[in-house]
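What follows is one structure encoded as structure tokens, with my remarks underneath.
The values are calculated or read from the model by the stated rules, or taken from the named source; none is laboratory data. None of these values were measured; they are calculated from a predicted model. Because the Cβ atoms are built from the backbone with ideal geometry, glycine has one as well, and the counts that use them run over all protein chains shown. Protein only, heavy atoms only, side chains kept; ligands, DNA and RNA dropped before computing areas. Shrake-Rupley method; radii C 1.70, N 1.55, O 1.52, S 1.80 Å.
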Amino acid sequence: MDILIYSPDGKTTPYETGLAEHLPKANIRGWQPGDAAPADFLVLWKPNAEVLQPRERLKAIFNLGAGVDGVLGARGEDARRLPAGVPLVRLEDAGMADQMAQYVSAAALRYFRRLDEFDAQQAEGQWKFKKPNRLSDFPIAVLGYGTLGAHVARALKAFGFPVRAWSRSERHDDSGIALYHGHHGDKGFDACVSGARILVNLLPLTPQTVDVLNADLFAKLAQGAFLINVARGAHLVDADLLAALESGQIAGATLDVFRTEPLPADHPFWRTPRVTVTPHISALTLRDETVAQIAGKIAAMARGEAITGIVDLARGY
């Protein structure tokens with residue numbers, strides 16, 4: 001079989017080497033401009049139009065990430081670039097779930113234990129007691145209940161937080177997490193977020209979820225709530241967050257993703273004390289786990305077996 005690998009920076013050698021270890025009989029090459037030769041499988045990240053041109057024998061396209069907006073576009077506008085009838089396959093976990101749960105738990109506990117407030121006191125040289133929060137007063141709403149969202153929600157539940165979660169499709173869980181889904185309509189979404197002290201965003205970026213973190217949503221949260229965004233920057237209306245911070249409706253935000261990355265030096269988030277900025281590191285794709293997962297799925301397809309992780313192009317995830 002022929003496997004073609006594409007990366008916008010041209011650094012495909014580590015993936016070529018890794019896949020060769022798992023699939024020693026495969027012919028594996030990194031894409032070069034003008035390469036229109038046949039391939040059975042494409043493995044790629046943020047492809048250009050040329051690499052997605054139809055080619056003989058192509059059976060599947062594997063995305064080097066869980067989010068596929070780099071292939072489909074933030075609003076799904078690039079889906080038409082994909083070769084007709086060829087499935088797009090996303091990563092499932094690949095070492096990201098534990099990292100994401102650690103990051104979100106750390107941010108949530110920082111707010112719950114008021115460590116952000118003690119940081120501010122230290123900067124002012126203040127030694128001042130603050131009454132501890134109660135877990136029962138700190139409901140957390142998790143938007144998105146896929147592989148990563150479910151892992152995050154369970155981790156937060158293990159600390160004793162009351163946890164709710166929303167997903168577009170109906171989910172089932174016996175861990176004590178209150179689940180809401182799109183079949184409930186707007187009432188289900190509102191019930192999930194209403195009165196939440198912490199809102200965690202793990203939604204896929206689709207035309208329906210662009211700008212979902214906006215003033216209307218913030219108004220449904222508890223006064224002085226906190227936002228943790230670890231999905232995509234285009235989910236957040238930056239101006240609405242800044243206004244909510246100014247009014248006190250949002251008490252603080254931990255942001256790992258942004259509309260423009262790196263975050264421009266003149267962006268107000270850098271200068272807003274109650275905003276914590278991290279450089280898109282909440283859950284890094286681990287190469288060894290990624291290669292093993294993709295190789296396993298390629299081998300399964302070569303045997304004629306069904307695989308998981310195939311993207312519904314109409315939904316965008």
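Mean separation of Cα pairs under 8 Å and 6 or more residues apart, divided by the residue count, gives the chain a relative contact order of 16 percent. Between the C-alpha center of the stretch 175-203 and that of the stretch 47-66 there is a gap of 35 Å. Ellipticity at 222 nm from helices only: DSSP H runs of n ≥ 4 in the chain, each -39500 (n - 2.57), divided by the residue count, give -8500 deg cm²/dmol.
Each residue of the stretch 222-235 was assigned a 3J(HN,Hα) from its phi angle through the Karplus curve 6.51 cos²θ - 1.76 cosθ + 1.60 (θ = phi - 60°); the sequence is 5, 4, x, 6, 10, 10, 10, 10, 10, 9, 9, x, 6, 6 Hz, with glycine and proline shown as x.
Just check the stretch 191-280 against the gyration tensor rule for me: Cα atoms, a ≥ b ≥ c as the square roots of the eigenvalues, rounded for a/c under 1.5, and otherwise prolate or oblate depending on whether a/b exceeds b/c. Write down the numbers at each step before the final one.
Values: a/c = 1.79, a/b = 1.18, b/c = 1.53.
It comes out oblate by the Cα gyration axes.
The alpha carbon gyration tensor of the stretch 1-99 gives principal lengths a ≥ b ≥ c with a/c of 1.5 or higher and a/b no greater than b/c, which makes the shape oblate.
Along its first, second and third principal axes, ordered by size, the chain spans 66, 42, 33 Å in Cα coordinates. With only the Cα atoms considered, the stretch 160-224 has a convex hull volume of 95 Å³ per residue. Charged neighbours of I310, selected by a Cβ distance under 15 Å, balance to +1 (K, R count +1; D, E count -1).
Rg and Dmax of the stretch 74-185, based on Cα coordinates, read 19.0, 64 Å. Take the stretch 92-205 with all the other protein chains still there, run a 1.4 Å probe, and you get 51 Å² of accessible area per residue.
Could you work out the relative contact order of the stretch 1-159, using alpha carbon pairs under 8 angstrom and six or more residues apart, expressed as a whole percent? Walk me through the numbers before you get to the answer.
Values: 198 pairs, mean separation 26.5, N = 159.
That works out to 17 percent.
Placing a label point 7 Å from the Cα of E92 along the Cα-to-Cβ direction, the residues of the stretch 143-162 with a backbone N closer than 19 Å are 144-154.
Each part reduced to its alpha carbon centroid, the stretch 233-308 and the stretch 117-140 end up 27 Å apart.
For the chain, the fraction of 1.4 Å probe accessible surface lying on carbon and sulfur atoms is 53 percent.
Counted as membrane-span-like here are DSSP H helices of the chain whose alpha-carbon atoms extend 15 Å or more along the helix's own axis and whose Kyte-Doolittle mean is -0.5 or above; these are 96-112, 147-158, 287-302.
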